[in-house]
Structures are given as structure tokens and as C-alpha cells.
Amino acid sequence: MSDIAADREQGRTWVAGASAASVRFFHTKPLGAAGLVLVLVYIFVAVLAPAIAPYDPIDIRYDAMLVAPSWHNWMGTDSFGRDVFSRIIYGSRTAMLVGFTASFIGATLGLLIGVWSAYAGGRTDMLVQRVLDVFMSFPLIVLALAIVSVFGTGVGNVILAITIPMIPRCARVVRSSALALREVPYIDAARALGFTHSRIILRHMLPNVVAPYLILLTAFMGQAILLEASLSFLGLGVQEPTAAWGLMLQGGAEQYAESAPWLPIFPGIAITGSVFAFNLFGDSLRDVLDPKLRT
Amino acid sequence: MYGYIIRRILLMIPTLVGVALIIFVLMRMIPGDIVVLRLRGEGGAQVTDEMIATERRRLGLDKPMWRQFNDWMLGIAKGDLGTSMWTGRPVIEELDNRFQLSLQVALMATLVAVLLAIPLGTMAALRQDRWPDYVVRVFSIAGIATPAFWLGILMILAFLIVFKWMPPIKYTPIWVDPVANLSQLIWPALATGYRYSAVATRMTRSAVLEVFREDYIRTARAKGLMEHIIINRHALKNAMLPVITVIGFEFAFLIGGLVVTEQVFNLNGLGKLFVSAVGTTDYVLVQALVLVSAFTFIITNFVVDLLYAWLDPRIHYR
């Protein structure tokens, strides 16, 4: 069998295995499956926002300020007369964009650093670990705020501010899984065959740490969405007039109580629901992929 | 043991210096010149070059990088965190009573987390895969998903609408007036505490489940001990170790977690100071606050490690 045919054969069994695994996932982990469905709903809403939202999310209407929920405005309007429902729909775009980009880049860079550090071993590993330790001593939001204070607000900088604290957290976990791999005979064999370091790392070690990587990726997703909402709520994240859930919660509770108590309800539900969905899915994924990991 | 403690303290120094170095470098990555940005930022074009040069000298920015870092480190060693660029007061003065407030909220939130997590987690483990377990799990996953600041907004909203009452805005130290103090600070502690209890609840649950599979629990059952003695004296005692780590870890993160909650409850603590420092681009203050929170984190971790050794006689640190 030629190499290409072998690869294709392998590919087919991989697809078959994956689909069988997902069927099993739906059967054995109904909660996780519910989470996955909810995640897909959020993604669907984010992608199709223009088709779903009844109004333009940034359309200011001074004749319809702070309208209570009604048939025309399902969730009412805000102090600029903008439709809250439409802003929530469009807000999912911001949340998903920031959530996916930040956690994907953060986890992937962490994956590469973790595997490389474990493979290199010795002094390099020591040094990398110390640097990661230092980065881990900043609470997530503190480091994110410090980065925002340097580079400024806006979607791009928020993604950067969330990505950087994610990297060491992933690298740590991946490294500990990869460490065990270093001693496995087939890695020795690959080294004996004279493969390059990058080939051993990318083709032989990476595929074996995909499980912790995927677990962390889903866990980061929820955290990134929450962090984006927090930063935007503080006025240090996504800026008006972009629709973002955290931004919609800005303003004191006292003002809401006087004018429009329904305003803070829906954005909060949107945030909680999305984080809940990602966590539910991630939890079950962890149970399936790595039953030994806890919390 | 003492040798271990001393070694750990010595090992902490490079980490602390590393933390300081990262903040220092990060703060100097600001695109453009800090002084020019601050003085000319809002259209203040009438600022002369001379004024800028004076300001640079006043902030010590005319010195080479390594000198600046050196001066900053020496200052910290002497307990001087610099002068706020915004208020012109020493940073240490700004931190003083705010630290007290944040620490109290953090401690109370931890207490709330412990009081929720241990009974709930144990109950879930004892009734694994039955409805109490499901309820507790959903309750705790919801806790992780709910932003503490949103919970805070809803709390205040409910007070205002139902009771026409709002927590006091002015901070009173607990030894002056415990009632006024608690009626202000209990709510943020509950809002953050619920969120922080979630992880600890899950940890308690899995730790208790694990311990229940141990041989000595079977022995305890076989010799006919009462169930509550088995749980309290045999299972929980051993299951608490990982839980303590998690709680300690979270306490260290609380200083960060409070950033947003303090904003909602209008508490004049470290978090609020941090947010306003970022808002007013007061780099000296941001730098100092990040450092303080990282130091708190490192020291808390150290204390948790020691606590661990003290609680578990099997662990020997040399």
C-alpha cells in the first residue's frame, strides 16, 4: 500500500472512530450533550445575527428610550432606545469572537510551549517552568487589566489581554502530560531513527496530548467569555457602540431600579447561559477523555 | 521542616523579582511616551518640551532602564511603592485602608465558600448519581457560570425594589461598628463567595467519593461504626486535603476576583482603585497594585503548602 493510501485509510478510520465516539458521548453524557447543543445554538445565533435580530443593534431612537418589554421590543429598549434583544443577539458575536480566538490562540501556544519544554528537558525545561510560574502568579483578571492599561481597550486588545494569561495555564498542564511521553519507547525509536526535533514534537508527541489540550480549550472558552464580559462591564474592554453583554450591564443598579429594572436581567442570562453551556460540555468531555483529572 | 520553610522563602525571591520584572517591562511597552501621552493626551497642545523634560526627570524616566528598575526595587525594599501619578499621594497611603476592606471581603467570601462547599459537596458525594447530587452539581456549575458582578447587580436591585433599602456606601471598620460594617460587606462576600464555593464544592465531592473507595472506610464499616462517625471522623478528615488546596488557591485569586465586585457594590477597595488607575492611566499605581496582588498570591500559596504539611502527617518536607 502506498503512503498516501495508508494515510487515507487511517483518515477514514479516524472519522469513523470520531463519529462513533460522538454517538457514545450523546448516550452516556446527556448533560454534556445538552451543553454541546447549547454551545451550537450560541454559535448559530452569532453567525446568523443579522438574520435573527429584528432591529439594528446600534440604531439610536430617542422616541423609544427605556421601553418595557413588549411585542415590538421583546426585551425592551435601553437608555438610547436601542433594542435590547437585537443587542443581545449581536453581543453573542462579540462574546464568541473573543472567546474562541483568545482561548484557541492561548491554548495552542500553551500546547506548543508545554510540549517543547517537556521534550527539551534539562535546563531549558527548568527555565521555561520558572517563567511560567512567574506568569501564573498574576490572577487572570489582574494580568488582563494590566495588559489593557498598556495597550488600550477595544476588541483586538481584549483578545490579547485574555490570550496571554491563558498560555502558561495550558503550558503547565500539557507539559506534565508530555513529560511521561518523553520516556515512551516509540519516542526513543523516533529519536534513534534520526528524526528532527520538530518532527518528533509535532508528529509524535502532540497527538498524544490532544486530550488535555481539548479539555483546557473548552474550559478556557467559558473563562474567556466571562473575562470579556467583566472587562467590558468595567468600561475597559469592548467599547460602545459595539454590542457586548458586559457593556450592557454597565450603569449602577440604583439607576436601573428607578428606570428600568428589566435591563440587567437579559444580558446576565446570556452570559451565564453561554459559560454554563461551555462548562457543561467541557466537564463531560473531560470525563470521557481523561477520567483521572479532577475538578 | 524549618530548613524547608527557609528554603521556600529563599526560592520565593527570584519569583518575586521575576514578577516585578515582567510588570516593569510590560509597563514600558506602552506605545509612545508616557509623559507626552499624559500631558498632551487630551488636546493639551500648549505643553512645552521643557515641561515634558521636567516631568520626565521628576518621574525618573530620564535614567537608563536598569537604573529605573533598580530604583523601583530599592524603593519597594524600603516600603516605598512610589507616588500616584494622578493624586500625587504616596501609593502606600492609597493602599492603606483599602487593603483592609478588600482583605475583609476576601476572608468573608472564603468563609461563605467553605460553609457552602463542604456540606454540599459531601452531600452530593454521599448521594452520588441521585437527585441531591444532580441539584448540587447544577448549583455549582451555575455558580461558576454566573458572573459575580451580575449577581451583585441583581442583589442590589432586589433590595431596592423589595425593601427600598441599599447597603451603606461608607466603609466603617468592623471594630468601630460591626453592624454597619457587616451590612455593607456581607453582600459582596455572598456574591463572590457563591462563585468561589462552586469549585470547592466539586472538589469536595470528588475527594469524598475517592476516599470512600479506600480500604480503611470498608474496615470502619465492617467493624460497625456509625455512618456519621465514618463520614466525619474518617472520610472528611482525609478528603479535606485537596479541598484546602483549592480554597487556598482561590483565596489567592480573590484579590483579583474582587476587582469587578467592588465596582458593583461601590466599595472603595483595592479592586476599585485598580480599575480607576487603569482608567486614568496611572502607571505607577497600576504597577504597584499588580505587584501587590501577585505577592499576595505567592505568599498565600506558600502558606497553603505549609498548612498542607501540618495537616497531613504523611507529607514530609525536607
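Of all residues in the stretch A:242-264, count the ones that are at the interface with chain B (Cβ under 7 Å from one of its Cβ atoms) and either more than 17 Å from B:Leu151 (Cβ to Cβ) or in contact with a Ser or Thr (Cβ under 7 Å, 6 or more places away or on another chain) (or both). If you could, list the steps in order and put the result at the bottom.
Narrowing the stretch A:242-264 to residues at the interface with chain B (Cβ under 7 Å from one of its Cβ atoms): A:249, A:253-254, A:256-257, A:261, A:264.
Then drop every residue that is not either more than 17 Å from B:Leu151 (Cβ to Cβ) or in contact with a Ser or Thr (Cβ under 7 Å, 6 or more places away or on another chain) (or both), which leaves none.
So the answer is 0.
Given the residues A:Gln239, A:Gln223, which is the only one that is facing chain B (nearest Cβ under 10 Å) and open to solvent by 20 Å² or more (accessible area, probe 1.4 Å)? Residue meeting the stated conditions: A:Gln223.
Checked against the criterion of being more than 14 Å from chain B (Cβ to nearest Cβ) and of a type in the set (A, V, I, L, M), the candidates A:Ala64, A:Ala161 yield just one match: A:Ala64.
Give the residues of the stretch B:235-265 that are more than 14 Å from the chain's Cα centre (by Cα), facing another protein chain (nearest Cβ under 8 Å) and under 27 Å from B:Leu182 (Cβ atoms), sorted by residue number. Walk me through it before giving the result.
If we filter the stretch B:235-265 for residues that are more than 14 Å from the chain's Cα centre (by Cα), which is where we start, we get B:235-245, B:263-265.
Right, trim to facing another protein chain (nearest Cβ under 8 Å) and you get B:242, B:263-264.
Within the stretch B:235-265, B:Gln263, B:Val264 meet the criteria.
Any residue that is within 18 Å of B:Leu95 (Cβ to Cβ), within 11 Å of chain A (Cβ to nearest Cβ) and either in contact (Cβ under 8 Å) with a residue 40 or more places away in the chain or of a type outside the set (Asp, Glu) (or both) - is there at least one of those in the stretch B:206-220?
Step one: filter the stretch B:206-220 for residues within 18 Å of B:Leu95 (Cβ to Cβ), giving none.
There is no residue in the stretch B:206-220 that is within 18 Å of B:Leu95 (Cβ to Cβ), within 11 Å of chain A (Cβ to nearest Cβ) and either in contact (Cβ under 8 Å) with a residue 40 or more places away in the chain or of a type outside the set (Asp, Glu) (or both).
Restricting attention to the stretch B:262-282, the residues that are open to solvent by 20 Å² or more (accessible area, probe 1.4 Å), at pLDDT below 85 and on the phi < 0 side of the Ramachandran plot total 2. Taking the criterion of being more than 9 Å from chain B (Cβ to nearest Cβ), open to solvent by 60 Å² or more (accessible area, probe 1.4 Å), in contact (Cβ under 8 Å) with a residue 12 or more places away in the chain and not in a helix (DSSP H, G or I), would at least one residue in the stretch A:265-288 satisfy it? No - not one qualifying residue is present in the stretch A:265-288. Scanning the stretch A:122-144 for residues that are within 8 Å of chain B (Cβ to nearest Cβ), over 15 Å from B:Leu254 (Cα atoms) and within 21 Å of the chain's Cα centre (by Cα) yields a count of 1. In the stretch B:117-170, the qualifying residues are those that are of a type in the set (S, T, N, Q) and open to solvent by less than 40 Å² (accessible area, probe 1.4 Å), and the one that is farthest from A:Gly222 (Cα to Cα) is B:Thr122.
Select from the stretch A:39-67 the residues that are hydrophobic (A, V, I, L, M, F, W, C), within 22 Å of A:Pro261 (Cα to Cα) and not in a helix (DSSP H, G or I) and list them in ascending order. If you could, list the steps in order and put the result at the bottom.
Filtering the stretch A:39-67 down to residues hydrophobic (A, V, I, L, M, F, W, C) leaves A:39-41, A:43-49, A:51-53, A:58, A:60, A:64-67.
Adding the requirement that they be within 22 Å of A:Pro261 (Cα to Cα) leaves A:58, A:60, A:64-67.
Across the stretch A:39-67, the qualifying residues are A:Ile58, A:Ile60, A:Met65, A:Leu66, A:Val67.
Do we have B:Leu225 as in a loop (DSSP other than H, G, I, E, B), surrounded by fewer than 17 Cβ atoms within 10 Å (Cβ to Cβ) and at pLDDT 80 or above here? Quick ask: steps written out before the conclusion?
Working: in a loop (DSSP other than H, G, I, E, B): yes; surrounded by fewer than 17 Cβ atoms within 10 Å (Cβ to Cβ): yes; at pLDDT 80 or above: yes.
Judged against the criteria, B:Leu225 is a match.
The values are calculated or read from the model by the stated rules, or taken from the named source; none is laboratory data. What you are looking at is a predicted structure, and each value in this text was computed from that prediction instead of being measured. Backbone-built Cβ (ideal geometry, glycine too); neighbour counts: all protein chains shown. Just the protein is used for accessible areas: all its heavy atoms, side chains included, with ligands, DNA and RNA removed. Shrake-Rupley method; radii C 1.70, N 1.55, O 1.52, S 1.80 Å.
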